[in-house]
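Before any comments, here is the structure.
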Amino acid sequence: MNNEAALSSALAGTVILECGDERGEFAGMLLASLGADVIKLEGRNGSNSRRFGPFTTPERGPEHSLCFSRYNLGKKSLSLEIDHPSARIALSRLANRADVIIDSGEAADVERRLSLYRELQQANPRLIVCAITPFGLDGPYRDLKMTNLTQLALGGVMAVCGYDPRADGTYDTPPIAPEMWQAYHIAGEYAVIAITAALNFRELTGEGDLIDLSIHEAVSTCTEVAMPTYIYNGAVVHRQTGRHAAESRTRPWLRRTKDGRYVKAFLFWGGRDFRVITEMLNEAGIEHDLESDEYRELRKSSPSQAQAHFSDTIDKLVASMKAEEVFHRAQAKGLLWASVRYPEENIDDPHFQARGTFQAINHPELGRDLDYPVSVATDGKDRATAFTRGAPRLGEHTREVLSRAGLTDAELRELTAKQAI
Amino acid sequence: MAQPESARRRPLEGVRVIDLTRIVAGPNATRLLATMGAEVIRTEWHDDRAIDLLRGVRPYAPGGDPESVNRSGLFNNINAGKYGITLNMNLPQGRDLFKRLIEKSSVLCENYSPNQMERWELGYDVLRKINPSLIYVQITGMGKSGTYNGYLSVGPTAQALSGLTHMSGLAEPMAPAGWGYSYLDHSTGYYGAILVLAALLQRRRTGRGCYLDLSQTEAGLMVSGTATLEAQLTGQPTDRHGNRMQSADWAPHGAYPCRGIDGWIAIAIQDDSQWASLVTELNAPDWAQHPRFAKAIDRKTNEDDLDRLMAEATKNLDRYDLMHRLQNRGVPAAAVQKADDRCERDPQLKARDYLQPLPHSEIGTWPIEGFPAKFEKIPVDVGGLPHRGAPMMGEDNDRVYREVLGLTAEEIAALREDWVI
């Protein structure tokens, strides 16, 4: 594995204790990719996400969840019941050497542990604590019970994603939550921004801080034009198939290809796009009237009708080729079009192979590697971030981590006897 | 009383960022850096070919000069907290000034088309000779290195290629719903900020700058990671599942119609106890007592029927009333909120001061979407150092060219006269 990547040592020596549930796992994973030593504190039954599928084997055991192994790359696992009274000594020793605690879950659970974290900060004033909760630690909705789906609903993402309305403007299809864990992705990315900002702050001041991150607010920031449209014009945008929600209907972007797939082919009305699309039609030998006098006249007399006709003609162009051919031919002409790929189709794409986008991680239970998307950037040549290990087995690092934190064998035996580890 | 030292300091104190970004992805990254206290200098040019398209994107603040480039609400939201200068990079004098700015800066964030900087002879190889500790984050659709290094993209292009468009929506034979906004413009912006914050930590330790080639498409691949693993495991192409939960036997799990125009509620039942509470709130209809819905696995097996019956049961109910009744019983449920709901009917966003009123020099004071976390100590301000919304075109020319580059009023006037600034 490549652990020499440009930013893989950015957080070298930074120790992060990750408590809580699935809401904070993506943040911990990103921090691990930047070189932090992320220690995942799991109860003896393991994290929630060990029980989320898909699973690598029919047994569906705690070591077989791909959801867990995806979101816990590069971490160590410490099996410790953090709410157990006897766990306090272990937590105190760990926190003395730690830089960051991430805790995530419902606000009441996180707040119950907050007084402990504050005590730990007294002993280690450089400690940064980041609480990731559905609504933050205060406010009237603080204790509402939420999931990824309901966060995307209340935060505004679902309202802008879905299908075209019927001709009368009403909908017979529901709003769509685009992808599982998206709310936790957004929150995780913001948590990493907040934590790395706090680490920069600590370089200046020597002081830690408490970060109170609201998933609801994180999701709310992420709807692009929807909020400004209401704030400035008092208008609401409406969802449409495969393209931006808008105040009024726009032309489709998704178009069917010869091989039954889709491409995203925008219709920009500018002169350059019109010219190169006409070139593509001519090169493909597709009959069209875009260069006729009648069409030129239509553009002047009825731009809307002309645009609709242009869009229909693009449909014909796209339908004459396979999706990948449309993608590459259009890009060669400088059009911002792309094929609608399955995500896994990118694994063998030479572009992403050259960039090291995917990293092979071994799965002993499968006797093979799986390719994980691990990096969003290169240093100009190789991926900028990477993982030094896959996801941990439950409790794999319990003894190692606690011994390094200074717990003696006798103390470890006692914690075991009390079922705290 | 004097404030403690930490209260006056910001995480990115002393960090100057040259912001050569446009549209949404790049500006989102630098917006976050401004929020954390960096001095972000947005560098623009105002002729038709060079101007940031976002300055012309609706919604506009009402009234005023319709030809003004300072009235876009979306631009104001995404560029809050920055200083603004004009600089004609197509002139040699403009590029010389740019190099002088780079010499005095810590970070360059840029998202022009992939080879524009080389065309100006301002690639990283040139810039690092001017400033060896420079952190240069270049944002492109596919990534600057690799075989697609000349390909062009906007957020929806990258969403198509990365698999996000395909994965969002109802199952076949429905078309993908895709995403109703440029999620990858948001998310890539978050990653841009993370890379800069991490690189600054690394630079504090090593003194070294770096070049980072951030890819929007790779930001998308991070979201679809688990699905990518499953496809490798099963050999089957990734499918989409509407709003259903594929990782666990959670059902019902979706958006259901409510009273009113396009009113919906999202409900996510995680276990049998929540199901029992839901049934009670729906007045225990006969169908809900049927054994085929008794256990989680049964509900999952019969999800098509369950969703149809749920929709019948909710269609005449008020979405907020049902949400609160279900929440009172500990059932995850949330109204699908549009922007008007979030602005007018969301007490949580209001209580947490989510929208921050910030002054703008031409359009007055408008609410700006804030940072989704609160810090106990760190002063985080979406209005940045100038504590205002977005800059007007070239608003800070005098300040920046005088204070950063030490130019005299006469020199600045001459540059203006020569169409350099």
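Which residue out of B:R329, B:R319, B:R259 is touching a strand residue (DSSP E or B) at 6+ places or on another chain (Cβ under 9 Å) and not assigned by TED's automatic domain parsing to the domain that holds B:A61?
The conditions single out B:R319.
Filter region A:194-219 for residues that are among the hydrophobic types (A, V, I, L, M, F, W, C) and either assigned to a strand (DSSP E or B) or more than 7 Å from every other protein chain (Cβ to nearest Cβ) (or both); which is farthest from the chain's Cα centre (by Cα)?
Looking at the filtered set, the residue picked out is A:L210.
Is it the case that region A:331-349 has a residue that's touching a Lys or Arg at 6+ places or on another chain (Cβ under 8 Å), surrounded by fewer than 23 Cβ atoms within 10 Å (Cβ to Cβ) and away from chain B (no Cβ under 11 Å)?
no
Could you pull out the residue among A:L78, A:L114 that is of a type in the set (A, V, I, L, M), touching an Asp or Glu at 6+ places or on another chain (Cβ under 9 Å) and within 12 Å of chain B (Cβ to nearest Cβ)?
A:L114
Would you tally the residues in region A:341-384 being in a loop (DSSP other than H, G, I, E, B), assigned by TED's automatic domain parsing to the domain that holds A:L31 and over 19 Å from the mean Cα position of the chain (by Cα)?
The number of residues fulfilling the criteria is 8.
Can you name the condition, by its number, that A:G20 falls short on among (1) assigned to a loop (DSSP other than H, G, I, E, B); (2) touching a Pro at 6+ places or on another chain (Cβ under 8 Å); (3) not hydrophobic (A, V, I, L, M, F, W, C)?
Checking A:G20 against (1) assigned to a loop (DSSP other than H, G, I, E, B); (2) touching a Pro at 6+ places or on another chain (Cβ under 8 Å); (3) not hydrophobic (A, V, I, L, M, F, W, C), the one that fails is (2).
Enumerate the pairs (first residue in region B:363-379 and within 16 Å of B:L12 (Cβ to Cβ) and at the interface with another protein chain (Cβ under 9 Å from one of its Cβ atoms); second residue anywhere and assigned to a strand (DSSP E or B) and of a type in the set (D, E, K, R)) with beta-carbon separation below 7 Å, excluding pairs fewer than 6 apart on the same chain, so at least 6 apart or on different chains.
Close Cβ pairs satisfying both conditions: B:A373/A:D212.
Considering region A:133-165 alone, what residues qualify as being more than 9 Å from every other protein chain (Cβ to nearest Cβ) and surrounded by 24 or more Cβ atoms within 10 Å (Cβ to Cβ)?
If the condition is that a residue be more than 9 Å from every other protein chain (Cβ to nearest Cβ) and surrounded by 24 or more Cβ atoms within 10 Å (Cβ to Cβ), then A:T133, A:P134 are the ones that fit.
Would you mind finding the one in A:D83, A:D103, A:D109 that is out of contact with any His (no Cβ under 7 Å at 6 or more places or on another chain), assigned to a loop (DSSP other than H, G, I, E, B) and of a type outside the set (V, I, T)?
Matching residue, one of A:D83, A:D103, A:D109: A:D83.
Go through region B:361-387 residue by residue and tally those that are surrounded by 22 or more Cβ atoms within 10 Å (Cβ to Cβ), among the hydrophobic types (A, V, I, L, M, F, W, C) and not in a loop (DSSP other than H, G, I, E, B).
Of the residues in that region, 2 qualify.
Search region A:392-403 for residues being surrounded by 13 or more Cβ atoms within 10 Å (Cβ to Cβ) and assigned to a helix (DSSP H, G or I), and hand back the single one that is farthest from the chain's Cα centre (by Cα).
Ranking the qualifying residues of region A:392-403, first place goes to A:S403.
So B:Y136 ticks every box in (1) more than 9 Å from every other protein chain (Cβ to nearest Cβ); (2) part of a loop (DSSP other than H, G, I, E, B); (3) within 19 Å of A:G380 (Cα to Cα) but one. Which box is left unticked?
Failing condition for B:Y136: (2).
Tally time: how many residues in region B:192-224 are under 20 Å from the mean Cα position of the chain (by Cα) and over 26 Å from B:P114 (Cα atoms)?
Counting residues in region B:192-224 that are under 20 Å from the mean Cα position of the chain (by Cα) and over 26 Å from B:P114 (Cα atoms) gives 0.
Residue check: is B:L358 part of a loop (DSSP other than H, G, I, E, B), among the aliphatic types (A, V, I, L, M) and either more than 14 Å from every other protein chain (Cβ to nearest Cβ) or farther than 25 Å from A:N148 by Cα (or both)?
Taking the combined requirement at face value, the residue does not satisfy it.
For region A:353-392, how many residues meet the condition of being facing chain B (nearest Cβ under 7 Å), closer than 13 Å to B:M222 by Cα and not aliphatic (A, V, I, L, M)?
Count: 5.
Based on what the data block shows, is B:Q246 farther than 30 Å from B:G14 by Cβ and out of contact with any helix residue (DSSP H, G or I) (no Cβ under 7 Å at 6 or more places or on another chain)?
Considered against the rule, which asks whether it is farther than 30 Å from B:G14 by Cβ and out of contact with any helix residue (DSSP H, G or I) (no Cβ under 7 Å at 6 or more places or on another chain), B:Q246 comes out as yes.
If I ask for residues that are under 21 Å from the mean Cα position of the chain (by Cα) and away from every other protein chain (no Cβ under 12 Å), which ones from region A:1-20 would you list?
Residues satisfying the conditions are A:I16, A:L17, A:E18, A:C19, A:G20.
Which number in (1) more than 7 Å from chain B (Cβ to nearest Cβ); (2) buried (at least 24 other Cβ atoms within 10 Å of the Cβ) marks the one condition that A:I176 misses?
(1)
Do we have A:L127 as crowded, with 23+ Cβ neighbours inside 10 Å, touching an Asp or Glu at 6+ places or on another chain (Cβ under 8 Å) and either aliphatic (A, V, I, L, M) or under 20 Å from A:T14 (Cα atoms) (or both) here?
yes
Output yes when any residue across region B:154-165 is within 18 Å of the chain's Cα centre (by Cα) and part of a loop (DSSP other than H, G, I, E, B), and no when none is.
So far as region B:154-165 goes, yes, one or more of its residues are within 18 Å of the chain's Cα centre (by Cα) and part of a loop (DSSP other than H, G, I, E, B).
Output the residue which, of all residues in region B:89-125 that are among the polar types (S, T, N, Q) and in contact (Cβ under 8 Å) with a residue 24 or more places away in the chain, is nearest to B:A50 (Cα to Cα).
Selected residue: B:N90.
Taking region B:55-77 as the search range and keeping residues that are closer than 11 Å to B:M393 by Cα and charged (D, E, K, R), which one is nearest to the other protein chains (Cβ to nearest Cβ)?
B:R71
Take B:G260 and decide whether it is surrounded by fewer than 22 Cβ atoms within 10 Å (Cβ to Cβ) and either in contact with a Leu (Cβ under 6 Å, 6 or more places away or on another chain) or at the interface with chain A (Cβ under 7 Å from one of its Cβ atoms) (or both).
Criteria not met by B:G260.
So is A:P175 modelled with pLDDT of 95 or more and in the same structural domain as A:L114 (by TED's automatic domain parsing) or not?
In short, yes.
The values are calculated or read from the model by the stated rules, or taken from the named source; none is laboratory data. Source: prediction; values computed, not measured. Ideal geometry is used to build each Cβ from the backbone, glycine not excepted, and the neighbour counts take in all protein chains shown.
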